[in-house]
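This report refers to the structure that appears directly beneath it.
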Amino acid sequence: MKSAFLTPFLLFFLVLSFYTSAQVAYQKMPVEKLAAAYEKYKEAAITHRRFKHADLQPLIQKHGADFKLEELGKSVEGRSITSMKWGQGSTKVMLWSQMHGNESTATMALFDLFNFLEGKNDGYDELRTLLKNQLSLKFIPMINPDGADAFKRRNALDIDLNRDAISQISPEAVILKKARDDFEPEFGFNLHDQQIYYNVVNTPKQATISLLAPAYNYETEINDVRGRAMQTIAGMNELLQELIPGQVGKYDDAFEPRAFGDNIQKWGTSTILIESGGYQGDPEKQYIRKINFMIILNALHQIATRGYEQYTTEQYFAIPDNGFQLMDLIINEMQVKVKGEWYPLDIAIRRRETENAAGYFMSASVEDLGDMQIFFGFETLDATGLQYLEGKVYSTAFESVKDISEEKAIELLRQGFMAVKVKNGEARQVHSLPILVLKSTEKYSSGWMTGSATNFFLAKEGKPRYAIVNGYLIDLENLKNQEIRNRVF
Ligand SMILES: [Zn+2]
(Lines give C-alpha, C1' and ligand atoms only; values in the text may rest on other atoms or scores of the structure.)
Protein backbone atom coordinates (compact mmCIF):
# COMPACT_ATOMS: atom_id res chain seq x y z
CA MET A 1 0.00 0.00 0.00
CA LYS A 2 2.62 2.41 1.06
CA SER A 3 4.72 1.95 -2.04
CA ALA A 4 1.66 2.17 -4.29
CA PHE A 5 0.85 5.48 -2.64
CA LEU A 6 4.39 6.83 -3.02
CA THR A 7 4.91 5.86 -6.62
CA PRO A 8 2.93 8.73 -8.19
CA PHE A 9 4.86 11.18 -6.02
CA LEU A 10 8.19 9.67 -7.00
CA LEU A 11 7.17 9.84 -10.63
CA PHE A 12 6.13 13.44 -10.20
CA PHE A 13 9.51 14.39 -8.74
CA LEU A 14 11.37 12.42 -11.37
CA VAL A 15 9.49 14.23 -14.12
CA LEU A 16 9.99 17.56 -12.35
CA SER A 17 13.74 17.06 -12.02
CA PHE A 18 13.91 15.98 -15.67
CA TYR A 19 12.28 19.22 -16.77
CA THR A 20 14.44 21.28 -14.44
CA SER A 21 17.61 19.87 -15.95
CA ALA A 22 16.12 20.07 -19.44
CA GLN A 23 15.86 23.84 -19.01
CA VAL A 24 19.64 24.05 -18.98
CA ALA A 25 20.29 21.18 -21.38
CA TYR A 26 23.46 21.62 -23.34
CA GLN A 27 23.23 22.72 -26.90
CA LYS A 28 26.37 23.75 -28.67
CA MET A 29 26.72 27.49 -29.14
CA PRO A 30 26.93 28.38 -32.85
CA VAL A 31 30.27 29.88 -33.88
CA GLU A 32 28.56 32.84 -35.53
CA LYS A 33 26.74 33.72 -32.33
CA LEU A 34 29.97 33.71 -30.32
CA ALA A 35 31.76 35.76 -32.98
CA ALA A 36 28.94 38.31 -33.13
CA ALA A 37 29.04 38.67 -29.34
CA TYR A 38 32.73 39.52 -29.55
CA GLU A 39 32.26 42.10 -32.29
CA LYS A 40 29.51 43.77 -30.28
CA TYR A 41 31.30 43.83 -26.94
CA LYS A 42 35.06 44.02 -27.56
CA GLU A 43 36.63 46.61 -25.29
CA ALA A 44 37.55 49.49 -27.59
CA ALA A 45 39.99 51.01 -25.10
CA ILE A 46 42.42 48.09 -25.58
CA THR A 47 43.96 47.92 -29.04
CA HIS A 48 47.36 46.25 -28.59
CA ARG A 49 49.31 43.87 -26.35
CA ARG A 50 51.33 46.36 -24.31
CA PHE A 51 48.65 48.01 -22.20
CA LYS A 52 49.60 48.87 -18.64
CA HIS A 53 48.10 48.40 -15.19
CA ALA A 54 46.96 52.04 -15.19
CA ASP A 55 45.09 51.50 -18.47
CA LEU A 56 42.98 48.78 -16.87
CA GLN A 57 41.92 50.60 -13.71
CA PRO A 58 39.16 52.74 -15.27
CA LEU A 59 37.98 49.67 -17.20
CA ILE A 60 37.68 47.72 -13.95
CA GLN A 61 35.89 50.57 -12.19
CA LYS A 62 33.30 51.01 -14.95
CA HIS A 63 32.04 47.50 -14.14
CA GLY A 64 31.58 48.32 -10.45
CA ALA A 65 27.77 48.24 -10.66
CA ASP A 66 27.37 44.75 -12.17
CA PHE A 67 30.47 43.15 -10.70
CA LYS A 68 31.58 42.94 -7.09
CA LEU A 69 35.06 44.46 -7.07
CA GLU A 70 37.54 43.64 -4.37
CA GLU A 71 41.16 44.72 -4.07
CA LEU A 72 42.94 41.52 -3.07
CA GLY A 73 46.26 43.17 -2.34
CA LYS A 74 49.23 44.84 -3.97
CA SER A 75 52.19 43.76 -6.07
CA VAL A 76 55.84 44.19 -5.00
CA GLU A 77 55.85 47.70 -6.50
CA GLY A 78 52.48 48.54 -4.96
CA ARG A 79 50.11 48.04 -7.88
CA SER A 80 46.62 46.83 -7.00
CA ILE A 81 45.35 43.37 -7.87
CA THR A 82 41.56 43.30 -8.09
CA SER A 83 39.08 40.48 -8.30
CA MET A 84 35.77 40.90 -10.09
CA LYS A 85 32.84 38.66 -9.15
CA TRP A 86 29.71 38.05 -11.19
CA GLY A 87 26.78 35.61 -10.97
CA GLN A 88 25.01 33.80 -8.17
CA GLY A 89 25.06 30.17 -9.23
CA SER A 90 26.34 27.24 -7.24
CA THR A 91 29.15 26.26 -9.64
CA LYS A 92 32.17 28.40 -8.90
CA VAL A 93 34.65 29.24 -11.63
CA MET A 94 37.82 31.30 -11.19
CA LEU A 95 39.71 32.83 -14.12
CA TRP A 96 43.09 34.51 -13.71
CA SER A 97 45.34 36.05 -16.35
CA GLN A 98 48.80 37.47 -16.96
CA MET A 99 50.80 35.92 -14.11
CA HIS A 100 53.51 36.31 -16.72
CA GLY A 101 53.60 40.03 -17.39
CA ASN A 102 54.18 39.85 -21.13
CA GLU A 103 51.35 37.36 -21.71
CA SER A 104 48.42 39.70 -22.14
CA THR A 105 46.15 38.17 -24.79
CA ALA A 106 43.60 36.64 -22.42
CA THR A 107 43.45 39.80 -20.29
CA MET A 108 42.11 41.63 -23.34
CA ALA A 109 39.50 38.90 -23.87
CA LEU A 110 38.40 39.07 -20.21
CA PHE A 111 37.59 42.77 -20.57
CA ASP A 112 35.59 41.96 -23.70
CA LEU A 113 33.78 39.32 -21.67
CA PHE A 114 33.00 41.79 -18.85
CA ASN A 115 31.30 44.06 -21.40
CA PHE A 116 29.37 41.10 -22.74
CA LEU A 117 28.19 39.96 -19.30
CA GLU A 118 26.94 43.46 -18.58
CA GLY A 119 24.96 43.75 -21.81
CA LYS A 120 21.22 43.30 -22.24
CA ASN A 121 18.33 43.23 -24.76
CA ASP A 122 20.60 41.99 -27.50
CA GLY A 123 19.47 38.41 -28.07
CA TYR A 124 21.93 37.03 -25.50
CA ASP A 125 19.85 37.50 -22.35
CA GLU A 126 18.89 33.83 -22.17
CA LEU A 127 22.54 32.82 -22.17
CA ARG A 128 23.42 35.52 -19.66
CA THR A 129 20.62 34.46 -17.31
CA LEU A 130 21.74 30.87 -17.56
CA LEU A 131 25.34 31.80 -16.72
CA LYS A 132 24.22 34.09 -13.91
CA ASN A 133 21.98 31.47 -12.30
CA GLN A 134 24.30 28.51 -12.67
CA LEU A 135 27.74 30.04 -12.15
CA SER A 136 29.61 32.25 -9.72
CA LEU A 137 32.52 33.74 -11.62
CA LYS A 138 35.59 35.24 -10.04
CA PHE A 139 38.00 36.99 -12.40
CA ILE A 140 41.49 38.17 -11.51
CA PRO A 141 42.87 39.96 -14.56
CA MET A 142 46.60 40.78 -14.54
CA ILE A 143 48.00 38.92 -11.53
CA ASN A 144 51.48 40.31 -12.28
CA PRO A 145 51.03 44.05 -12.89
CA ASP A 146 54.72 44.90 -12.31
CA GLY A 147 55.75 42.40 -14.97
CA ALA A 148 53.00 43.73 -17.24
CA ASP A 149 54.22 47.31 -16.96
CA ALA A 150 57.77 46.25 -17.92
CA PHE A 151 56.25 43.78 -20.41
CA LYS A 152 58.38 40.96 -19.05
CA ARG A 153 57.60 37.48 -17.81
CA ARG A 154 58.69 37.72 -14.18
CA ASN A 155 57.63 39.95 -11.30
CA ALA A 156 59.63 42.79 -9.70
CA LEU A 157 61.58 40.26 -7.57
CA ASP A 158 62.52 38.53 -10.83
CA ILE A 159 60.56 35.51 -9.65
CA ASP A 160 58.51 33.45 -12.07
CA LEU A 161 55.14 33.45 -10.31
CA ASN A 162 54.37 30.13 -11.91
CA ARG A 163 57.14 28.59 -9.81
CA ASP A 164 55.94 30.22 -6.59
CA ALA A 165 52.68 28.41 -5.87
CA ILE A 166 54.21 26.55 -2.90
CA SER A 167 57.01 28.78 -1.55
CA GLN A 168 54.76 31.86 -1.66
CA ILE A 169 57.66 34.34 -1.67
CA SER A 170 55.90 36.88 -3.90
CA PRO A 171 52.89 38.90 -2.72
CA GLU A 172 51.24 38.19 -6.08
CA ALA A 173 51.54 34.43 -5.51
CA VAL A 174 50.11 34.80 -1.99
CA ILE A 175 47.15 36.72 -3.44
CA LEU A 176 46.43 34.09 -6.10
CA LYS A 177 46.64 31.15 -3.69
CA LYS A 178 44.50 32.89 -1.08
CA ALA A 179 41.90 33.76 -3.72
CA ARG A 180 41.64 30.08 -4.66
CA ASP A 181 41.54 28.89 -1.06
CA ASP A 182 38.84 31.42 -0.06
CA PHE A 183 36.70 30.78 -3.12
CA GLU A 184 37.27 27.03 -3.62
CA PRO A 185 36.22 27.01 -7.28
CA GLU A 186 35.11 23.86 -9.03
CA PHE A 187 36.72 25.09 -12.28
CA GLY A 188 39.77 27.24 -12.91
CA PHE A 189 41.12 28.94 -16.03
CA ASN A 190 44.85 29.65 -16.03
CA LEU A 191 45.44 32.09 -18.87
CA HIS A 192 48.83 32.47 -20.56
CA ASP A 193 50.62 33.17 -23.84
CA GLN A 194 53.22 30.88 -25.38
CA GLN A 195 56.01 31.79 -27.80
CA ILE A 196 55.00 32.18 -31.43
CA TYR A 197 57.43 29.36 -32.33
CA TYR A 198 55.16 26.64 -30.95
CA ASN A 199 53.57 24.49 -33.64
CA VAL A 200 51.35 21.46 -33.85
CA VAL A 201 54.07 18.86 -33.65
CA ASN A 202 55.72 17.85 -36.93
CA THR A 203 53.53 20.20 -38.96
CA PRO A 204 54.24 23.75 -40.20
CA LYS A 205 51.02 24.90 -38.51
CA GLN A 206 51.44 27.42 -35.74
CA ALA A 207 49.83 26.40 -32.43
CA THR A 208 47.57 29.44 -32.17
CA ILE A 209 45.94 27.99 -29.07
CA SER A 210 47.35 25.24 -26.88
CA LEU A 211 45.35 23.64 -24.11
CA LEU A 212 46.21 21.54 -21.09
CA ALA A 213 44.58 19.91 -18.13
CA PRO A 214 47.71 20.10 -15.95
CA ALA A 215 48.87 17.01 -14.11
CA TYR A 216 48.59 16.91 -10.32
CA ASN A 217 51.32 14.29 -9.81
CA TYR A 218 54.43 12.93 -11.53
CA GLU A 219 52.49 9.86 -12.65
CA THR A 220 50.12 12.19 -14.58
CA GLU A 221 47.14 10.25 -13.27
CA ILE A 222 43.56 11.21 -14.03
CA ASN A 223 41.00 11.68 -11.27
CA ASP A 224 37.53 13.21 -11.52
CA VAL A 225 38.90 16.73 -11.08
CA ARG A 226 41.41 16.47 -13.92
CA GLY A 227 39.03 14.37 -16.00
CA ARG A 228 36.42 17.16 -15.95
CA ALA A 229 39.03 19.65 -17.18
CA MET A 230 39.92 17.25 -20.01
CA GLN A 231 36.28 16.87 -21.03
CA THR A 232 35.78 20.64 -21.06
CA ILE A 233 38.92 21.05 -23.19
CA ALA A 234 37.62 18.46 -25.67
CA GLY A 235 34.55 20.66 -26.14
CA MET A 236 36.69 23.78 -26.49
CA ASN A 237 38.78 22.01 -29.12
CA GLU A 238 35.69 21.14 -31.12
CA LEU A 239 34.90 24.84 -31.43
CA LEU A 240 38.55 25.72 -32.12
CA GLN A 241 38.75 23.28 -35.01
CA GLU A 242 36.01 25.29 -36.70
CA LEU A 243 37.92 28.53 -36.14
CA ILE A 244 41.53 27.50 -36.68
CA PRO A 245 41.60 23.97 -38.10
CA GLY A 246 44.80 22.10 -37.31
CA GLN A 247 46.20 24.92 -35.19
CA VAL A 248 45.46 23.60 -31.71
CA GLY A 249 48.10 21.82 -29.66
CA LYS A 250 48.05 19.92 -26.40
CA TYR A 251 50.59 21.44 -24.02
CA ASP A 252 53.16 19.21 -22.33
CA ASP A 253 51.70 17.69 -19.15
CA ALA A 254 54.94 16.98 -17.28
CA PHE A 255 54.17 17.68 -13.62
CA GLU A 256 55.80 20.85 -12.24
CA PRO A 257 55.50 20.76 -8.43
CA ARG A 258 55.95 24.55 -8.11
CA ALA A 259 53.43 25.66 -10.75
CA PHE A 260 50.00 27.12 -10.05
CA GLY A 261 48.07 25.15 -12.66
CA ASP A 262 49.39 21.82 -11.42
CA ASN A 263 48.76 22.66 -7.77
CA ILE A 264 45.34 24.19 -8.27
CA GLN A 265 44.39 20.95 -10.05
CA LYS A 266 45.82 19.07 -7.06
CA TRP A 267 43.87 21.24 -4.61
CA GLY A 268 40.62 20.09 -6.24
CA THR A 269 39.80 22.70 -8.88
CA SER A 270 39.36 21.35 -12.43
CA THR A 271 42.02 23.49 -14.09
CA ILE A 272 42.29 24.44 -17.73
CA LEU A 273 45.38 26.08 -19.14
CA ILE A 274 44.93 28.21 -22.25
CA GLU A 275 48.15 29.24 -24.02
CA SER A 276 47.76 31.85 -26.75
CA GLY A 277 50.45 31.43 -29.39
CA GLY A 278 50.90 33.16 -32.73
CA TYR A 279 48.79 33.60 -35.84
CA GLN A 280 50.10 34.75 -39.23
CA GLY A 281 49.40 38.43 -39.80
CA ASP A 282 48.30 39.07 -36.21
CA PRO A 283 51.33 40.50 -34.39
CA GLU A 284 49.16 42.32 -31.83
CA LYS A 285 47.14 39.16 -31.22
CA GLN A 286 43.77 40.79 -31.81
CA TYR A 287 42.36 37.78 -33.67
CA ILE A 288 43.70 35.47 -30.96
CA ARG A 289 41.99 37.72 -28.41
CA LYS A 290 38.71 37.10 -30.23
CA ILE A 291 39.35 33.35 -30.19
CA ASN A 292 40.01 33.53 -26.43
CA PHE A 293 36.73 35.34 -25.89
CA MET A 294 34.85 32.75 -27.91
CA ILE A 295 36.36 29.65 -26.29
CA ILE A 296 36.07 31.03 -22.76
CA LEU A 297 32.42 31.99 -23.25
CA ASN A 298 31.78 28.60 -24.84
CA ALA A 299 33.51 26.83 -21.96
CA LEU A 300 31.46 28.75 -19.38
CA HIS A 301 28.34 27.70 -21.25
CA GLN A 302 29.54 24.08 -21.21
CA ILE A 303 30.16 24.29 -17.46
CA ALA A 304 26.82 25.98 -16.73
CA THR A 305 24.95 23.21 -18.55
CA ARG A 306 27.36 20.37 -17.65
CA GLY A 307 27.64 20.01 -21.43
CA TYR A 308 31.26 18.93 -21.03
CA GLU A 309 29.95 15.56 -19.81
CA GLN A 310 29.25 14.55 -23.39
CA TYR A 311 32.99 14.66 -24.18
CA THR A 312 35.58 12.06 -23.27
CA THR A 313 39.16 12.05 -22.03
CA GLU A 314 40.00 10.10 -25.22
CA GLN A 315 38.93 13.13 -27.25
CA TYR A 316 41.27 15.21 -25.13
CA PHE A 317 44.20 12.87 -25.74
CA ALA A 318 43.45 12.92 -29.48
CA ILE A 319 44.48 16.59 -29.62
CA PRO A 320 47.99 16.58 -31.15
CA ASP A 321 50.95 17.60 -29.01
CA ASN A 322 52.67 20.96 -29.13
CA GLY A 323 56.05 21.17 -30.85
CA PHE A 324 58.65 23.94 -30.79
CA GLN A 325 59.76 23.67 -34.39
CA LEU A 326 59.03 27.07 -35.92
CA MET A 327 61.67 29.57 -37.00
CA ASP A 328 61.38 33.03 -38.50
CA LEU A 329 63.80 32.20 -41.30
CA ILE A 330 65.51 29.03 -42.47
CA ILE A 331 68.30 29.31 -45.03
CA ASN A 332 69.19 26.01 -46.64
CA GLU A 333 72.54 25.04 -48.18
CA MET A 334 74.41 28.26 -47.52
CA GLN A 335 78.12 27.87 -48.33
CA VAL A 336 80.49 28.71 -45.49
CA LYS A 337 84.28 28.63 -45.78
CA VAL A 338 86.30 27.21 -42.88
CA LYS A 339 90.05 26.58 -43.16
CA GLY A 340 89.92 26.72 -46.92
CA GLU A 341 87.01 24.27 -47.27
CA TRP A 342 83.43 25.10 -48.22
CA TYR A 343 80.59 23.53 -46.18
CA PRO A 344 76.86 23.65 -47.02
CA LEU A 345 74.90 24.66 -43.91
CA ASP A 346 71.22 25.05 -43.18
CA ILE A 347 70.79 27.80 -40.59
CA ALA A 348 67.69 28.61 -38.57
CA ILE A 349 67.04 32.14 -37.31
CA ARG A 350 64.63 33.55 -34.76
CA ARG A 351 63.93 37.24 -34.23
CA ARG A 352 62.99 37.86 -30.63
CA GLU A 353 61.33 40.94 -29.19
CA THR A 354 63.42 43.21 -26.96
CA GLU A 355 61.67 45.91 -24.95
CA ASN A 356 62.72 49.55 -25.03
CA ALA A 357 61.18 52.77 -23.82
CA ALA A 358 59.16 53.29 -27.00
CA GLY A 359 57.93 49.74 -27.50
CA TYR A 360 60.14 47.00 -28.81
CA PHE A 361 62.64 46.04 -31.46
CA MET A 362 63.72 42.65 -32.75
CA SER A 363 67.03 40.95 -32.02
CA ALA A 364 67.79 38.09 -34.38
CA SER A 365 70.25 35.30 -33.87
CA VAL A 366 71.15 31.85 -35.13
CA GLU A 367 69.12 29.27 -33.19
CA ASP A 368 70.67 26.21 -34.75
CA LEU A 369 72.48 25.04 -37.84
CA GLY A 370 73.41 21.90 -39.75
CA ASP A 371 70.53 19.70 -40.85
CA MET A 372 67.41 21.76 -40.11
CA GLN A 373 64.88 19.45 -41.76
CA ILE A 374 62.78 18.96 -38.60
CA PHE A 375 62.10 22.71 -38.39
CA PHE A 376 59.66 24.90 -40.32
CA GLY A 377 60.33 28.51 -41.31
CA PHE A 378 57.78 31.30 -41.57
CA GLU A 379 60.13 32.04 -44.47
CA THR A 380 62.53 29.62 -46.15
CA LEU A 381 65.28 30.34 -48.66
CA ASP A 382 67.13 27.82 -50.77
CA ALA A 383 70.64 29.30 -50.87
CA THR A 384 72.19 26.58 -53.03
CA GLY A 385 75.19 28.09 -54.82
CA LEU A 386 75.28 31.18 -52.58
CA GLN A 387 78.12 32.02 -50.23
CA TYR A 388 78.23 33.65 -46.83
CA LEU A 389 79.76 37.14 -47.09
CA GLU A 390 80.52 39.71 -44.37
CA GLY A 391 79.40 43.29 -45.01
CA LYS A 392 81.24 46.62 -44.66
CA VAL A 393 80.47 49.80 -42.71
CA TYR A 394 79.80 52.87 -44.88
CA SER A 395 82.38 55.47 -43.90
CA THR A 396 80.43 58.74 -44.34
CA ALA A 397 78.11 59.40 -41.39
CA PHE A 398 74.54 60.62 -41.94
CA GLU A 399 73.07 63.35 -39.72
CA SER A 400 70.32 61.11 -38.35
CA VAL A 401 68.16 58.06 -39.11
CA LYS A 402 65.56 60.15 -40.91
CA ASP A 403 68.17 61.36 -43.40
CA ILE A 404 68.56 57.83 -44.71
CA SER A 405 65.93 56.75 -47.21
CA GLU A 406 64.96 53.17 -47.78
CA GLU A 407 66.20 53.49 -51.37
CA LYS A 408 69.59 54.67 -50.13
CA ALA A 409 69.77 51.75 -47.69
CA ILE A 410 69.06 49.25 -50.48
CA GLU A 411 71.61 50.92 -52.76
CA LEU A 412 74.26 50.58 -50.03
CA LEU A 413 73.33 46.95 -49.37
CA ARG A 414 73.77 46.19 -53.07
CA GLN A 415 77.28 47.65 -52.79
CA GLY A 416 78.10 45.36 -49.87
CA PHE A 417 77.54 47.80 -46.98
CA MET A 418 75.69 46.23 -44.04
CA ALA A 419 75.80 49.27 -41.73
CA VAL A 420 75.72 53.07 -41.78
CA LYS A 421 76.72 55.57 -39.11
CA VAL A 422 74.67 58.50 -37.77
CA LYS A 423 75.87 61.60 -35.87
CA ASN A 424 72.65 62.17 -33.93
CA GLY A 425 70.12 59.94 -32.24
CA GLU A 426 70.13 57.44 -29.46
CA ALA A 427 71.11 53.83 -29.19
CA ARG A 428 68.07 51.48 -28.84
CA GLN A 429 65.89 53.90 -30.80
CA VAL A 430 63.63 51.89 -33.13
CA HIS A 431 63.79 52.35 -36.90
CA SER A 432 62.43 50.50 -39.90
CA LEU A 433 65.39 50.75 -42.29
CA PRO A 434 66.64 47.53 -43.89
CA ILE A 435 70.24 48.31 -42.86
CA LEU A 436 72.10 48.48 -39.55
CA VAL A 437 72.44 51.97 -38.06
CA LEU A 438 75.36 52.70 -35.74
CA LYS A 439 75.55 55.62 -33.30
CA SER A 440 77.46 54.48 -30.21
CA THR A 441 79.77 52.06 -32.00
CA GLU A 442 81.85 51.80 -35.18
CA LYS A 443 81.34 48.05 -35.59
CA TYR A 444 78.51 45.56 -35.60
CA SER A 445 78.52 41.87 -34.83
CA SER A 446 77.66 39.07 -37.19
CA GLY A 447 78.28 35.42 -37.85
CA TRP A 448 76.69 32.11 -38.73
CA MET A 449 77.41 30.07 -35.59
CA THR A 450 74.74 29.44 -32.93
CA GLY A 451 73.94 32.59 -30.98
CA SER A 452 75.48 34.92 -33.57
CA ALA A 453 73.67 38.07 -34.61
CA THR A 454 72.53 37.47 -38.16
CA ASN A 455 73.88 40.33 -40.29
CA PHE A 456 75.48 39.10 -43.52
CA PHE A 457 75.09 38.71 -47.26
CA LEU A 458 74.47 35.70 -49.42
CA ALA A 459 76.63 36.33 -52.44
CA LYS A 460 77.14 34.90 -55.89
CA GLU A 461 80.69 35.36 -57.23
CA GLY A 462 81.35 37.96 -54.54
CA LYS A 463 78.25 40.05 -55.43
CA PRO A 464 75.48 40.39 -52.78
CA ARG A 465 72.28 38.67 -53.91
CA TYR A 466 70.43 38.65 -50.57
CA ALA A 467 71.04 40.62 -47.39
CA ILE A 468 70.20 39.17 -43.99
CA VAL A 469 69.82 42.26 -41.78
CA ASN A 470 68.96 41.50 -38.16
CA GLY A 471 67.43 38.26 -39.37
CA TYR A 472 65.22 39.94 -41.99
CA LEU A 473 65.64 38.46 -45.45
CA ILE A 474 66.05 41.16 -48.07
CA ASP A 475 65.97 40.01 -51.68
CA LEU A 476 68.10 42.64 -53.41
CA GLU A 477 66.61 41.86 -56.82
CA ASN A 478 62.94 41.55 -55.83
CA LEU A 479 62.15 43.99 -53.08
CA LYS A 480 59.03 43.33 -51.05
CA ASN A 481 57.21 45.16 -48.30
CA GLN A 482 57.83 43.91 -44.80
CA GLU A 483 57.53 45.45 -41.38
CA ILE A 484 61.01 45.88 -39.94
CA ARG A 485 61.72 46.69 -36.30
CA ASN A 486 65.42 47.41 -35.99
CA ARG A 487 67.34 49.37 -33.38
CA VAL A 488 70.08 51.95 -33.48
CA PHE A 489 73.32 50.51 -32.06
ZN1 LIG B 1 52.93 31.93 -19.00
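The values are calculated or read from the model by the stated rules, or taken from the named source; none is laboratory data. Fair warning: this is a prediction, and the values are worked out from it, not measured in the lab. Here the Cβ positions follow ideal geometry from the backbone for every residue, glycine too, while neighbour counts run over all protein chains shown. Ligands, DNA and RNA are stripped out before the accessible areas are found, and what is left, the full protein with its side chains, is counted by its heavy atoms. Shrake-Rupley method; radii C 1.70, N 1.55, O 1.52, S 1.80 Å.
Restricting the count to DSSP beta bridges whose residues both fall in the chain, what percent are antiparallel, rounded to a multiple of 5?
The antiparallel proportion sits near 60 percent.
Helix 105-118: angle to the longest alpha-carbon principal axis of the chain, degrees 0 to 90, nearest 10?
Helix 105-118 sits roughly 40 degrees off the main axis of the chain.
Could you tell me, in Å, what Rg and Dmax come out for the Cα atoms of region 363-489?
Every Cα atom of region 363-489 included, Rg and Dmax give 14.4, 46 Å.
Which residue, chosen from Pro171, Ile330, Leu381, occupies the Cα position most advanced towards the positive end of the dipole of the chain, where the dipole is computed from +1 (Lys, Arg) and -1 (Asp, Glu) charges on Cβ about the Cα centre?
Positive-most Cα among the choices belongs to Pro171.
Find which of Ala409, Ser210, Asn144 sits farthest along the positive direction of the dipole of the chain, computed with +1 on the beta-carbon of Lys and Arg, -1 on that of Asp and Glu, about the Cα centre.
Towards the positive end, the residue furthest out is Asn144.
Would you kindly work out the equivalent ellipsoid of region 21-179 from its C-alpha gyration tensor and give its semi-axes, the square roots of five times the eigenvalues, largest first in whole Å?
Square roots of five times the eigenvalues give 30, 18, 14 Å.
If I model a spin label as a point 7 Å beyond the Cα along the Cα-Cβ vector, how far apart are those points for Glu407 and Thr47 in nm?
Simple spin-label model gives 3.1 nm for this pair.
What percentages make up the Cα-Cα pair-distance distribution of region 57-142 when the bins are 5 Å wide from 0?
3, 13, 23, 26, 19, 9, 4, 2, 0
Take every Cα-Cα pair in region 363-423 and report what % of them are more than 12 Å apart.
78
Work out how far the C-alpha atoms of the chain reach from end to end along every principal axis, then list the three figures in whole Å, largest first.
Reported extents, whole Å, longest axis first: 106, 45, 43.
Calculate the dipole size of region 58-115 relative to its Cα centre from +1 charges on Lys and Arg beta carbons and -1 charges on Asp and Glu beta carbons; express the result in debye to the nearest 20.
It works out to roughly 160 debye.
Give the long-range amide H neighbours of Arg350: residues separated by 5 or more places, or on another chain, with amide H under 5 Å away, using H modelled in the peptide plane at 1.01 Å from N.
So Arg350 has HN proximity to Asp328, Ser365, Glu367.
Tally up the carbon and sulfur contribution to the accessible surface of the chain as a whole percent, 1.4 Å probe, everything protein left in place.
51
Determine the dipole magnitude for region 410-483: charges of +1 sit on the beta-carbon of Lys and Arg, -1 on that of Asp and Glu, nothing else is charged, the reference point is the Cα centre, and the result goes in debye to the nearest 20.
In debye, rounded to 20, region 410-483 gives about 160.
Dividing the Cα radius of gyration by the Kirkwood radius, what Rg/Rh value follows for region 115-190?
Answer for region 115-190: 1.11.
Relative to the longest principal axis of the chain, what angle (0 to 90°, nearest 10) does the C-alpha long axis of helix 125-134 take?
On a 0 to 90 degree scale, this one is about 70.
Could you give the Stokes-Einstein D for region 343-383 in µm² per second, using the C-alpha Kirkwood radius, 37 °C, 0.692 mPa s?
My calculation gives 276 µm²/s for D.
Could you tell me how many degrees, from 0 to 90 and to the nearest 10, lie between the Cα long axis of helix 171-183 and the main elongation axis, the longest principal axis, of the Cα atoms of the chain?
So the inclination is approximately 20 degrees.
Distances over 13 Å make up what percent of all Cα-Cα pairs in region 388-435?
56
Taking the Cα centre of the chain as origin, sum charge times position over the Cβ atoms of Lys and Arg (+1) and Asp and Glu (-1), and report the length of that vector in debye to the nearest 20.
About 820 debye.
For Glu70 and Asp158, calculate 0.36 nm times their separation in residues minus their Cα-Cα distance, and state this gained length in nm to one decimal.
Working it through step by step, the gained length comes to 29.0 nm.
Identify the trypsin sites (Lys or Arg not before Pro) of region 411-483 meeting these criteria: DSSP loop state and at most 12 other C-beta atoms within 10 Å of the C-beta.
Those satisfying the criteria are Lys423, Lys443, Lys480.
Rounded, prolate or oblate: which fits region 286-430, taking a ≥ b ≥ c as square roots of the Cα gyration tensor eigenvalues, rounded meaning a/c under 1.5, else prolate when a/b beats b/c?
Because a/c hits 1.5 or more and a/b fails to exceed b/c, region 286-430 counts as oblate.
Compare the Cα positions of Ala65, Gln482, Gly249 along the charge dipole of the chain (+1 at Cβ of Lys, Arg; -1 at Cβ of Asp, Glu; about the Cα centre) and return the one farthest towards the positive end.
Ala65
Per residue, how large is the accessible surface of region 84-155? Use a 1.4 angstrom probe and give square angstrom.
28
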